[in-house]
Amino acid sequence: MTQPVLTARGLTKRYGKVTALDRCDFDLMPGEILAVIGDNGAGKSTLIKAISGAVVPDEGKIELEGAPVRFQSPIEAREAGIETVYQTLAMSPALSIADNMFMGREIRKPGLAGKLFRKLDRPEMERIAREKLNELGLMTIQNINQAVETLSGGQRQGVAVARAAAFGSKVIILDEPTAALGVKESRKVLELIQDVKSRGIPIILISHNMPHVFEVADRIHVHRLGRRLCVIDPKEHTMSDAVGLMTGAIEPEAA
Amino acid sequence: MSAPDNYEAVTAGASQDVAKFDDEKKGLIGRFHHALHTTPALVPLIVLVAAIIVFGLVLGSKFFSPFALTLILQQVQIVGVLAAAQSLIILTAGIDLSVGAIAVLCSVVMGQVTFRYGVPPFFAVAFGLAFGTMIGAINGWLVSRVKLPPFIVTLGMWQIVLAANYLYSANETIRSQDIEAQAPFLQFLGNKLKLGGATFTLGVVLMLLLVAILAYVLRSTAWGRHVYAVGDDPDAAELAGVDVHKTLMSVYMVVGFICALAGWVMIGRFGSVSPSATTGVIGNIQAITAVVIGGISLFGGRGSIVGSFFGAMIVGVFELGLRMAGANPQWTFLLIGVLIIAAVAVDQWIRKVSA
Ligand SMILES: Nc1ncnc2c1ncn2[C@@H]1O[C@H](COP(=O)(O)OP(=O)(O)OP(=O)(O)O)[C@@H](O)[C@H]1O
Ligand SMILES: [Mg+2]
């Protein structure tokens, strides 16, 4: 049996009286696309935040490639190769697209200007940013130096996805990456997800869009009331099964 | 039932070019608005130039002379340095009420360490700068780790530092003649460079250098981008991979250091070391005024440090110009008040990205 890339056991996170994660287990296999589905407030975002270091779980343990990890911040998870598109997108509205894409991993000029004066290599960062956006088909973005606040919601989401795809090396997590996207842009994101998969990088995809989930996912993690209810194979189950499970209309055994 | 409509296939024929629109149609106001949005220091620069022209026309060569114009620089050097410090804090969406008090206490520390303990003035100045940095670190730690609001932290620190300043110095002034005779290095920044009628003190040079360096660092280094990101939305910055705590700590420490520099500038400007210098009481408000007139948003993340410098200069121009015109000094305060409100109104207009 192959080893999972990422496993979590007994993750618990409480916000005061609210239990967002309740002894949740989680497994991600190498090279797979794992969809995570569940009702609003089921705890999907909290689960991936616990994995990406944005939230430190109260209990439970996480292993990346068999080694235990305990991320205290998103920076640590990122350094370990886990890249995340958060539901809130995590962009600085007043800064430019290029600034946002390279936030926390800026490229410096070669030579003295970069070493001594720590000068940023703007042209290089802009070139890469433009390239990544073009790969995603975000052609409607005119100016790579425009502030993110001047972009539409969908364009912003596209930039966030491009950022994660450009830098993720071990795991890429997407929390509702197509929620605000148009038909064409959603398609591009799905293609990008396949593309990332073909590079051998596993993906965690949170989505409420069942056709998308059933199209790309290798396995579906059904999340309910803060924990993993079951994992289903999209080839053996229908969308109705999935919706029934996540809403509690069907019990896992019956499915 | 027919096969599901493959609506996505249609997009295959879509344009693959980067979208382009005609920029010329925006009109004069639109383009001006765009320029202000990308160059926030433009508004205070226009106001500054306009104020100099108006006073120059009214007062003639008395005002519009190298001597008078460089006199303004000398008069704003302390506030200018404090405004640079204040800008950094306000960019992180904070506010620092302790800047003036830190400057005064550090000038007192530099003087007392020299005169009370006989430390060579060079080391006394170095100690004073380190001391200011340490106060900044305490502010930063309380804001970033203990998560207290910057207003409260620095309101308290202002009182603490001001009181410590009186207690430590026993309210004694070190006279200018004594410093000149025994420790002239303390007055180093008061040295003058004359170019024709223009007079620059080293304190003025320091202020200009400081603004230039900070403008570069904020624009062209990763740290500068992080300062803006933290001011814009700290949660987003953290998720995007910025060490928010480290950024805030470094900002508050740099600010403490700059305030101590302002203390050294004060010794050069006044000659003496006085614990009761007015900077301790009103320096914070003067600095905030310059920053606001300079177009830095109090909500953080927007504006440029060059704007704050222009803001400090605008206040200096009004003060000197109105005094030369023989106006009641209250007119200065009245006009500054109008400018503050106007500046924030303009800031709101610029932030309307949809215009
Ligand atoms: N920062 C927080 N403080 C308090 N409660 C929180 C916080 N974040 C999440 N919760 C609570 O935890 C629960 C799970 O939230 P979570 O965001 O993980 O849900 P979700 O499955 O991602 O939902 P959605 O589909 O709407 O995105 C909710 O009840 C929510 O109210
Ligand atoms: Mg969510």
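Within segment A:167-176, is there a residue that is within 16 Å of ligand 2 (Cβ to nearest atom), charged (D, E, K, R) and at pLDDT 90 or above? Looking through segment A:167-176, at least one residue is within 16 Å of ligand 2 (Cβ to nearest atom), charged (D, E, K, R) and at pLDDT 90 or above. The condition (being more than 16 Å from ligand 2 (Cβ to nearest atom) and either of a type in the set (D, E, K, R) or within 14 Å of chain B (Cβ to nearest Cβ) (or both)) is satisfied by just one residue among A:53, A:66, A:16: A:53. Only helices (runs of 4 or more DSSP H) whose full extent lies in segment A:96-190 are considered here, and the ones with at least 3 residues that are surrounded by 18 or more Cβ atoms within 10 Å (Cβ to Cβ) are A:97-101, A:122-135, A:153-167.
A quick yes/no check of all residues on (1) aliphatic (A, V, I, L, M); (2) surrounded by fewer than 24 Cβ atoms within 10 Å (Cβ to Cβ); (3) not in a loop (DSSP other than H, G, I, E, B):
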{"residue": "B:238", "(1), (2), (3)": "no, yes, yes"}
{"residue": "B:248", "(1), (2), (3)": "yes, no, yes"}
{"residue": "B:265", "(1), (2), (3)": "yes, no, yes"}
{"residue": "B:283", "(1), (2), (3)": "no, no, yes"}
{"residue": "B:298", "(1), (2), (3)": "yes, yes, no"}
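In segment A:44-64, the count of residues that are surrounded by fewer than 20 Cβ atoms within 10 Å (Cβ to Cβ), within 10 Å of ligand 1 (Cβ to nearest atom) and not small (Gly, Ala, Ser) is zero.
Scanning segment B:300-330 for residues that are free of Cβ contacts under 8 Å to residues at least 60 places away in the same chain and not in a loop (DSSP other than H, G, I, E, B) yields a count of 3. Would you confirm whether any residue within segment A:212-227 is within 16 Å of ligand 2 (Cβ to nearest atom) and within 14 Å of another protein chain (Cβ to nearest Cβ)? So far as segment A:212-227 goes, yes, one or more of its residues are within 16 Å of ligand 2 (Cβ to nearest atom) and within 14 Å of another protein chain (Cβ to nearest Cβ). Filter segment A:65-95 for residues that are in a loop (DSSP other than H, G, I, E, B) and charged (D, E, K, R); which is farthest from ligand 1 (Cβ to nearest atom)? This residue is A:65.
Exactly one residue among B:186, B:195 is surrounded by fewer than 22 Cβ atoms within 10 Å (Cβ to Cβ), of a type in the set (A, V, I, L, M, F, W, C) and away from chain A (no Cβ under 14 Å), and that residue is B:195.
Quick one: would you say residue B:154 is assigned to a helix (DSSP H, G or I), in contact (Cβ under 8 Å) with a residue 40 or more places away in the chain and among the hydroxyl-bearing types (Ser, Thr, Tyr)?
Taking the combined requirement at face value, the residue satisfies it.
Every test in (1) at positive phi; (2) modelled with pLDDT of 95 or more is passed by residue B:256 save one, and that test is (1).
Test residue A:116 against the criterion of being without any contact (Cβ under 8 Å) to a residue 24 or more places away in the chain, more than 16 Å from ligand 1 (Cβ to nearest atom) and either under 30 Å from residue A:228 (Cβ atoms) or more than 10 Å from chain B (Cβ to nearest Cβ) (or both), and give yes or no. Against the criterion (without any contact (Cβ under 8 Å) to a residue 24 or more places away in the chain, more than 16 Å from ligand 1 (Cβ to nearest atom) and either under 30 Å from residue A:228 (Cβ atoms) or more than 10 Å from chain B (Cβ to nearest Cβ) (or both)), residue A:116 qualifies.
The values are calculated or read from the model by the stated rules, or taken from the named source; none is laboratory data. Here the structure is a predicted model, which means the values were calculated and not measured. Using ideal geometry, Cβ is built from the backbone for each residue, glycine included, and neighbour counts are taken over all protein chains shown.
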